[in-house]
Amino acid sequence: MGCSGSKDELQSKVDKMWAEIGSSGQVERLACWGLILADAELAELVGKGDKAKGKAMLESMKAVKALDISGDGIIDESEFRRLYDPAVLAAAEAQASLPAKVDKMWTEVGKS
């Protein structure tokens, strides 16, 4: 697909997704994540062209309930739009990259 992962593309994609799934104004958290994680284009945009990285970032967001800030098990429009919030993306990227960093450190320790 060749998505560059620009903020405008990501925002447009997220807004389009919400228009399709959020007609009632809210979506149950797990159902919402099922749709989010099934969307390869979204993963590619979140990962700035790296679909695997984007998928890992989305999984990280799900694990910490980054969208359900009210804690009610329901995602509303403002919570859904956190998918393109720079702070949420940065935290997800840091969390998603941690296992690779630990593996690298472990490999380097084994060489000493």
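Looking at ASP72, ASP85, just one residue is open to solvent by 70 Å² or more (accessible area, probe 1.4 Å), out of contact with any Gly (no Cβ under 6 Å at 6 or more places or on another chain) and at pLDDT 85 or above, and that residue is ASP72. Here the range 25-45 is the region considered, the condition is being assigned to a helix (DSSP H, G or I) and of a type in the set (Asp, Glu), and the residue that is nearest to ILE74 (Cα to Cα) is GLU41. If the condition is being open to solvent by 50 Å² or more (accessible area, probe 1.4 Å) and at pLDDT below 95, then the range 21-50 contributes SER23, SER24, LYS48, ASP50.
Within the range 4-31, residues that are farther than 14 Å from GLY47 by Cα and among the hydroxyl-bearing types (Ser, Thr, Tyr) reach no partner that is surrounded by 15 or more Cβ atoms within 10 Å (Cβ to Cβ) and at pLDDT 95 or above with beta carbons closer than 6 Å at six or more positions or on different chains. The numbered conditions (1) open to solvent by 10 Å² or more (accessible area, probe 1.4 Å); (2) over 9 Å from the mean Cα position of the chain (by Cα) are all true for LYS55 except (2). Restricting the range 1-20 to residues that are small (Gly, Ala, Ser), outside any helix (DSSP H, G or I) and open to solvent by 50 Å² or more (accessible area, probe 1.4 Å), the residue that is modelled with the highest pLDDT is SER4.
The values are calculated or read from the model by the stated rules, or taken from the named source; none is laboratory data. In this text the structure is predicted, and so the values were computed from the model without any measurement. Cβ sites come from the backbone with ideal geometry, for glycine too, and all protein chains shown count toward neighbours. Note: accessible area is taken over every heavy atom of the protein model, side chains too, but ligands, DNA and RNA are not part of it. Shrake-Rupley method; radii C 1.70, N 1.55, O 1.52, S 1.80 Å.
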